[in-house]
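J.: Can you read through this structure? Questions will come right after.
The values are calculated or read from the model by the stated rules, or taken from the named source; none is laboratory data. From a predicted model like this one, the values you see are computed outputs, not experimental measurements. Cβ: placed from backbone, ideal geometry, glycine included. Neighbour counts: every protein chain shown. Ligands, DNA and RNA are stripped out before the accessible areas are found, and what is left, the full protein with its side chains, is counted by its heavy atoms. Shrake-Rupley method; radii C 1.70, N 1.55, O 1.52, S 1.80 Å.
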Amino acid sequence: KLSTRRKVIAGSSLDLENRGYVRVESEAETVSYSRAAPVLDEASLKKTLEASLEDDSWTRSVSVLGSTGSIGTQTLDFARARPDHFSVSALCAGSNYELLAQQAAEFRDTVKLIGLSDGSKVLELKEALKRYDVDEKSVEIVCGDDAAIAAATCTDADVVVTGVVGCAGLQPTVAAIEAGKDIALANKETLIAGGPAILPLLKKYGVAMTPADSEHSAIFQCLQGVPPGSLRKVILTASGGAFRDVSADELLDACSNKPEWVRQKATTHPNWDMGAKITVDSATMMNKGLEVIEAHYLFGAAYDDIDVVVHPQSIIHSAVELQDNSVIAQCGWPDMRLPLLYSVAWPKRVRMPADQWERRFDFVQLGSMTFKAPDNIKYPCIGLAYTAGRAGGTMTGALNAANEMANEMFRDNKGLDYLDIPKVIAQTMEDHRQDFDPNPSLDTIIQVDAWARDNVQRLAASVQSRPLAV
């Protein structure tokens with residue numbers, strides 16, 4: 001049973017003692033909350049139907065934040081393969097001015113704005129544009145802190161792909177929403193940390209936010225056409241990460257006796273080719289905990305109605321259970337491009353060239369699938385995420401920022417071992433009690449993010465003597 005103990009701090013009831021994910025079976029009426037995704041209400045159903053019935057001449061003009069990263073380059077693959085449906089209106093990168101200039105040259109017929117967040121490289125960018133025969137007078141060039149916001153609010157853009165890492169993506173996303181742009185969400189912090197501030201803005205400006213990651217896209221696809229009040233449970237699937245076939249005792253022993261083996265294994269994913277940070281998050285299964293929080297904000301599901309299931313083959317990307325006990329799942333070979341494509345094309349289904357796409361799915365070739373419950377002892381980060389989610393407010397942002405810093409310090413071998421990651425996250429959540437804000441502004445969310453990162457660095461010196469919180 002879930003813990004019912006409470007500690008009252010600063011007038012708020014925060015449960016930071018329930019450290020384990022527990023599957024909740026209940027016949028109680030389903031409780032729903034505000035949601036970011038355009039599903040499960042009358043207005044969203046009407047919008048989906050109207051867009052679905054558009055003829056084949058439809059187009060989407062896309063602004064790409066983080067255009068030189070994996071999300072950005074894959075988005076440009078779609079525009080390159082299907083220029084009849086996708087055009088590029090704005091490009092923004094962090095510091096890779098060379099690739100940004102190449103992209104600007106390739107899409108020069110439609111690009112109106114180029115942004116580079118690293119303002120110190122403006123001269124290098126302009127020189128690169130000259131090498132690729134891009135006339136500076138034909139595009140607006142914005143460098144520095146305003147670059148991402150300028151790209152996010154580009155007049156010609158219909159949808160903004162938020163491929164920016166960390167809380168740096170919050171302000172451009174807010175600016176895009178206020179400018180009436182639909183959001184293809186590829187930045188987790190937007191909802192995990194910023195959910196309390198973002199949801200009211202989506203409602204105010206009537207903007208659609210569509211998920212670009214695999215699991216939430218699967219849920220989003222499963223909910224197409226589902227009537228209001230029909231969702232009963234969200235089922236998030238997880239590969240289990242690098243240590244899925246290692247017992248809790250074996251992992252504990254390896255952390256004590258072979259820490260470098262653990263570090264190497266934690267940075268190698270068995271199914272997906274992903275970045276270093278998300279690969280470690282998969283090993284700790286914090287990625288799934290963060291996805292639980294994101295699912296709450298995207299689909300309005302209560303935390304008791306969000307399940308996590310380990311599915312090593314990564315074929316079923318997630319599922320939903322409806323009020324009549326029907327379960328609808330989205331499946332396919334592990335491939336990150338489909339969810340990204342659907343987030344931009346929604347609700348359209350776009351056929352891509354066979355040589356640029358994953359092979360078609362074949363149940364016979366697959367053969368079989370397996371499922372099991374997550375191990376709460378081996379993966380304490382899942383429970384920490386449920387705890388932060390149930391607290392809400394700034395606690396989810398503190399969790400997320402603490403995890404990012406701990407993850408980075410572990411990867412760089414700067415004072416934290418694998419088992420230290422949940423320790424510093426748990427302690428940061430405890431330390432955040434006194435400043436917890438249940439209804440934060442965007443500025444407060446950003447301040448908590450910075451504080452949590454600093455707190456993890458402060459804790460690193462003493463964390464190895466602290467017992468693991470489970």
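J.: Between region 47-69 and region 350-426, what's the alpha-carbon centroid distance in Å?
T.: With region 47-69 and region 350-426 each reduced to a Cα centre, they are spaced 29 Å.
J.: Would you work out which of L199, M209, Q224 lies farthest towards the positive end of the dipole of region 79-231? Charges go on Cβ: Lys and Arg +1, Asp and Glu -1.
T.: Q224
J.: How many Å² of accessible area per residue for region 167-321, probe 1.4 Å?
T.: Details: 4570 Å² over 155 residues.
For region 167-321, the per-residue accessible area is 29 Å².
J.: Can you give the charge dipole size of the chain about its Cα centre, rounded to the nearest 20 debye, using +1 on the beta carbon of Lys and Arg and -1 on the beta carbon of Asp and Glu?
T.: Roughly 580 debye for the chain.
J.: For the peptides 422-428, 101-107, what is the packing order when you average, over each peptide's residues, the other Cβ atoms within 10 Å and list the highest mean first? If you can, show how the numbers build up before the last one.
T.: Working: 422-428: 25.1, 101-107: 20.1.
Sorting 422-428, 101-107 by mean packing, highest first, produces 422-428, 101-107.
J.: Let me ask something else about it. On a C-alpha basis, how far is the centre of region 253-294 from the centre of region 183-205 in Å? Whole number, if you could?
T.: 26
J.: Throw me the Rg/Rh for the chain, computed over C-alpha atoms with Kirkwood Rh, two decimals. Walk me through the numbers before you get to the answer.
T.: On the way: Rg = 22.0 Å, Rh = 22.9 Å.
In the chain, Rg relative to Rh is 0.96.
J.: Shifting gears a bit: Strictly greater than 26 Å: what percent of every Cα pair in region 18-137 meets that?
T.: Taking all Cα-Cα pairs of region 18-137, the fraction more than 26 Å apart is 45 percent.
J.: Just want to confirm a number: the relative contact order over region 73-190, from Cα pairs under 8 angstrom separated by 6+ residues, in percent.
T.: Relative contact order comes out at 21 percent.
J.: Please work out the average accessible area per residue across region 76-162, using the 1.4 Å probe convention, and give it in Å².
T.: I get 45 Å² per residue for this part.
J.: With every protein chain left in place and a probe of 1.4 Å, what is the accessible surface of S117, to the nearest 10 Å²?
T.: In the full protein context, S117 sits at about 50 Å².
J.: Of the heavy-atom accessible surface of the chain (probe 1.4 angstrom), what whole percent is carbon and sulfur?
T.: Looking at the chain in its full context, I get 49 percent from C and S.
J.: Between their Cα atoms, which of K288/K372; K277/K423; K233/K348; K204/K277 are more than 22 Å away from each other?
T.: Among K288/K372; K277/K423; K233/K348; K204/K277, the Cα-Cα distance tops 22 Å for K233/K348; K204/K277.
J.: Moving on. I need to check one value: relative contact order of the chain, counting alpha carbon pairs closer than 8 Å and at least 6 residues apart, in percent. It would help to have the intermediate numbers written out before the result.
T.: Working: 882 pairs, mean separation 83.2, N = 470.
RCO, the chain: 18 percent.
J.: I'd like the antiparallel share, as a percent to the nearest 5, of DSSP beta bridges with both residues in the chain.
T.: Values: 15 of 44 bridges.
Just about 35 percent of them are antiparallel.
J.: What is region 359-421's relative contact order, in percent, from Cα pairs under 8 angstrom and six or more apart in sequence?
T.: 16
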